[in-house]
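Q: Below you'll find the structure I mean.
The values are calculated or read from the model by the stated rules, or taken from the named source; none is laboratory data. Since the structure is predicted, the reported quantities are computational estimates derived from the model, not experimental observations. Cβ placement follows ideal geometry from the backbone for every residue including glycine, while neighbour counts extend to all protein chains displayed.
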Ligand SMILES: [Zn+2]
Ligand SMILES: [Zn+2]
């Protein structure tokens with residue numbers, strides 16, 4: 001429900017002509033031949049320069065069309081049907097290879113963010129810190145979602161949020177400030193403070209830290 005169809009990420013295509021693995025590439029915006037496009041964002045293309053289709057294509061195109069170019073074997077996601085793409089140089093498509101592992105990771109992160117945003121609606125009444133922390137600590141999440149999480153953090157008033165926030169570096173300084181303020185409020189509400197020497201939580205009125213034994 002949150003994602004586009006990323007099922008192609010797990011597909012393996014082997015070039016039927018040279019038996020090497022085909023590369024998952026971004027589809028060019030328009031298929032020059034028919035102007036209709038391929039109906040797919042990605043194409044699997046054999047980028048092996050030793051592939052017979054590519055090696056023999058130069059001569060074929062020279063004879064047929066009188067210009068420089070060749071062919072690459074191509075398959076669409078979800079299909080083993082063999083197609084060829086005309087390419088003007090050996091470098092065509094080499095710059096648009098998709099890092100499928102990176103896309104998978106981005107997609108996983110995105111789904112987690114969306115699930116956390118939904119869970120925010122019930123996190124205060126359910127006393128569930130997890131979606132709040134997921135969003136606050138995710139530097140790739142949308143700022144507006146992280147700010148919603150920060151608002152819930154204040155309401156939840158849970159001491160266990162302090163450690164992970166203190167150990168996190170925010171790129172957005174407004175979040176650093178906001179979280180710092182909330183931590184002060186939470187500490188106050190629990191009659192606690194952070195030891196200035198070891199950062200452990202101690203009683204607000206303590207004279208000596210029970211963790212590092214420092215005098216305060
Ligand atoms: Zn091939
Ligand atoms: Zn201490």
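Q: So which of 106, 64 ends up being assigned by TED's automatic domain parsing to the domain that holds residue 21 and part of a helix (DSSP H, G or I)? Outline the logic, then answer.
A: Working: 106 fails: assigned by TED's automatic domain parsing to the domain that holds residue 21.
When all the criteria are applied, what remains is 64.
Q: Within the range 172-179, can one find any residue that is modelled with pLDDT under 95, within 20 Å of residue 112 (Cβ to Cβ), in the same structural domain as residue 110 (by TED's automatic domain parsing) and part of a loop (DSSP other than H, G, I, E, B)?
A: Yes: one or more hits.
Q: Just checking, does the range 186-206 include any residue being touching a strand residue (DSSP E or B) at 6+ places or on another chain (Cβ under 9 Å), in a helix (DSSP H, G or I), at pLDDT 95 or above and under 29 Å from residue 126 (Cβ atoms)?
A: Yes, there is a match, as at least one residue in the range 186-206 is touching a strand residue (DSSP E or B) at 6+ places or on another chain (Cβ under 9 Å), in a helix (DSSP H, G or I), at pLDDT 95 or above and under 29 Å from residue 126 (Cβ atoms).
Q: Against the definition (surrounded by 12 or more Cβ atoms within 10 Å (Cβ to Cβ), more than 16 Å from ligand 1 (Cβ to nearest atom), without any contact (Cβ under 8 Å) to a residue 40 or more places away in the chain and not assigned by TED's automatic domain parsing to the domain that holds residue 138), how does residue 187 come out, yes or no? Spell out how you get there, then give the answer.
A: Values: surrounded by 12 or more Cβ atoms within 10 Å (Cβ to Cβ): yes; more than 16 Å from ligand 1 (Cβ to nearest atom): yes; without any contact (Cβ under 8 Å) to a residue 40 or more places away in the chain: yes; not assigned by TED's automatic domain parsing to the domain that holds residue 138: no.
In short, no.
Q: Could you please find all residues in the range 67-96 being in a loop (DSSP other than H, G, I, E, B), surrounded by fewer than 13 Cβ atoms within 10 Å (Cβ to Cβ) and within 27 Å of the chain's Cα centre (by Cα)?
A: Within the range 67-96, 78, 79 meet the criteria.
Q: Return yes or no: is residue 139 more than 20 Å from the chain's Cα centre (by Cα) and part of a loop (DSSP other than H, G, I, E, B)?
A: no
Q: Next up: Residue 155 - would you say it is under 21 Å from the mean Cα position of the chain (by Cα) and more than 16 Å from ligand 2 (Cβ to nearest atom)? Break it down into steps so the answer makes sense when it comes.
A: Working: under 21 Å from the mean Cα position of the chain (by Cα): no; more than 16 Å from ligand 2 (Cβ to nearest atom): yes.
The answer is no for residue 155.
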